[in-house]
Amino acid sequence: MAKSNKCVVVKAHAIGIPGPENFEIIECPIPRLLPGGVLVRMLCASVDPGMRGWVSVEPNYMTIPVGTVMRAPGIGEVVESDHPNYSAGDLVYGMFGWAEWFAAEAKDIYWKIDTGIAPPPVWLGSLGINGITAWIGYRYFGRPKAGETLLVTTAAGSVGSVVGQLAKKDGVRAIGVAGGAAKAYLATAEFGYEQVIDYHGTPDLAAALRIACPEGIDIFYDNVAGTQADTAFPLLNPKGRVIQCGSASVSSWLPWPTGPRRERDMIVKRLSWHGFVVMDHADLFADALAELSELYADAKLCTRQDSLDGLENAPGAIQYLYSGMNTGKLSIKIAE
Ligand SMILES: NC(=O)c1ccc[n+]([C@@H]2O[C@H](COP(=O)([O-])OP(=O)(O)OC[C@H]3O[C@@H](n4cnc5c(N)ncnc54)[C@H](OP(=O)(O)O)[C@@H]3O)[C@@H](O)[C@H]2O)c1
């Protein structure tokens, strides 16, 4: 076993998008197995937009204290176990950290992964929390019906790519918005979208959305908030459902941004607007995973991965994600 543990700790909470100045790479002792937990050797760890909130100076649903290892969903090999369901050699997915070794409590472990079904990075993305987020937002809150029109922002992203493919399966007309022509092409070619608007290359997004959604929008799966959401809202049909999954375009909530007021639309059109945090819906995970893994096994769930090599790249990884340069689920490769 190695003698030390390279890990990325939070150095200072951030205003806006966290960058290398907010993290520090240190060597520390390999952590001890915790009672009822597992000690894992990390293979790969996720980079997620939501991490911005975890290390923000602003209040959030979860905050990583300064001086502690940056938490991240990841996949690791169990090296020692004090849990009856896990043995040395198992590959497990859970809320671990940006580190070579992580001592997880039982509550941190999501589930065992089977590399016979899919390789580890797919278990972090389409068959992981991102795919499940897509499923819960779309199926549970979106309540889709065949023939409806769905609009999705960050259509080519890890969550957006799964939403488009679920919609296609259901006969729901999926329209996307994505940053750049390459992403727009990818989302139409591989992720089930009928049409995707490149918001970087489209001077009049409102006009483009009106043309793409001539019958209005029944479900708006929003990952970005801000201008794109403001532009989409007037096109919502009566009884439309807005799913607020993310707010990637808002770089800071200090001061709180302002925008058009939509309360009257909410009343007159009888709209619903659901915000959710995926981890509150563990009771739906098995149903989500069953449908997603069946689609994957039938080669009907396209996934794209984007990987950074080594923990040295972790401190700049959230900035890289927010630059929009990622194509697919972003993760950090830590070991073979
Ligand atoms: N509610 C939950 O429980 C939950 C769970 C997981 C994820 N999420 C949310 O789901 C969303 C998608 O997550 P993901 O993991 O699939 O990430 P992702 O879409 O793969 O990557 C993030 C994308 O955000 C877009 N973006 C970044 N800055 C932007 C800006 N200023 N304006 C507009 N778009 C911008 C970029 O796409 P473009 O280049 O296409 O703009 C970037 O590729 C995020 O908002 C995340 O916070 C929510």
E80 vs. criteria in contact (Cβ under 8 Å) with a residue 24 or more places away in the chain and among the acidic types (D, E): yes
Some residue of the stretch 207-218 being touching a Cys at 6+ places or on another chain (Cβ under 7 Å) and more than 13 Å from the ligand (Cβ to nearest atom): no
Of the conditions (1) away from the ligand (no atom under 11 Å from the Cβ); (2) of a type outside the set (S, T, Y); (3) within 27 Å of L124 (Cβ to Cβ); (4) surrounded by 20 or more Cβ atoms within 10 Å (Cβ to Cβ), the single one that A189 does not satisfy is (4)
What are the residues in the stretch 236-274 that are part of a loop (DSSP other than H, G, I, E, B), loosely packed, with under 13 Cβ neighbours inside 10 Å and away from the ligand (no atom under 16 Å from the Cβ), if any? L254, P255, W256, T258, P260, R261, R270
Kindly check whether there is at least one residue in the stretch 286-305 that is more than 16 Å from the chain's Cα centre (by Cα), over 21 Å from P120 (Cβ atoms), surrounded by fewer than 19 Cβ atoms within 10 Å (Cβ to Cβ) and within 16 Å of the ligand (Cβ to nearest atom). no
Residue pairs, Cβ under 6 Å, 6 or more apart or interchain, first in the stretch 264-278 and in contact (Cβ under 8 Å) with a residue 24 or more places away in the chain and within 16 Å of D222 (Cα to Cα), second within 10 Å of the ligand (Cβ to nearest atom) and assigned to a strand (DSSP E or B). List them. H274/I243; G275/Q244
Any residue in the stretch 16-34 that is over 16 Å from L330 (Cβ atoms), within 16 Å of the ligand (Cβ to nearest atom) and part of a loop (DSSP other than H, G, I, E, B)? yes
Is it the case that some residue within the stretch 189-204 is among the charged types (D, E, K, R), under 21 Å from Y138 (Cβ atoms) and without any contact (Cβ under 8 Å) to a residue 60 or more places away in the chain? yes
Identify all residues within the stretch 64-117 that are in contact with a Lys or Arg (Cβ under 8 Å, 6 or more places away or on another chain) and outside any loop (DSSP other than H, G, I, E, B); write none if there are none. G76, E77, V79, L91, V92, Y93, M95, F96, G97, A99, W101, A103
Could you tell me whether V196 is in contact with a Ser or Thr (Cβ under 8 Å, 6 or more places away or on another chain), modelled with pLDDT of 95 or more, outside any loop (DSSP other than H, G, I, E, B) and within 27 Å of G94 (Cα to Cα)? no
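Name the one entry in G324, G310 that is closer than 30 Å to D198 by Cβ and either away from the ligand (no atom under 14 Å from the Cβ) or not aliphatic (A, V, I, L, M) (or both).
Just a single option satisfies the conditions, and that option is G324.
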Is one or more of the residues making up the stretch 52-62 part of a strand (DSSP E or B) and among the β-branched types (V, I, T)? no
Could you please tell me which pairs satisfy a Cβ distance under 7 Å, a separation of 6+ or placement on different chains, a first residue in the stretch 152-163 that is small (G, A, S), and a second residue that is within 7 Å of the ligand (Cβ to nearest atom) and part of a helix (DSSP H, G or I)? A156/K183; S158/N130
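The values are calculated or read from the model by the stated rules, or taken from the named source; none is laboratory data. Keep in mind the model is a prediction, meaning the values are calculated, not measured. For neighbour counting, all protein chains shown are included, and Cβ atoms are generated from backbone atoms with ideal geometry for every residue, glycine included.
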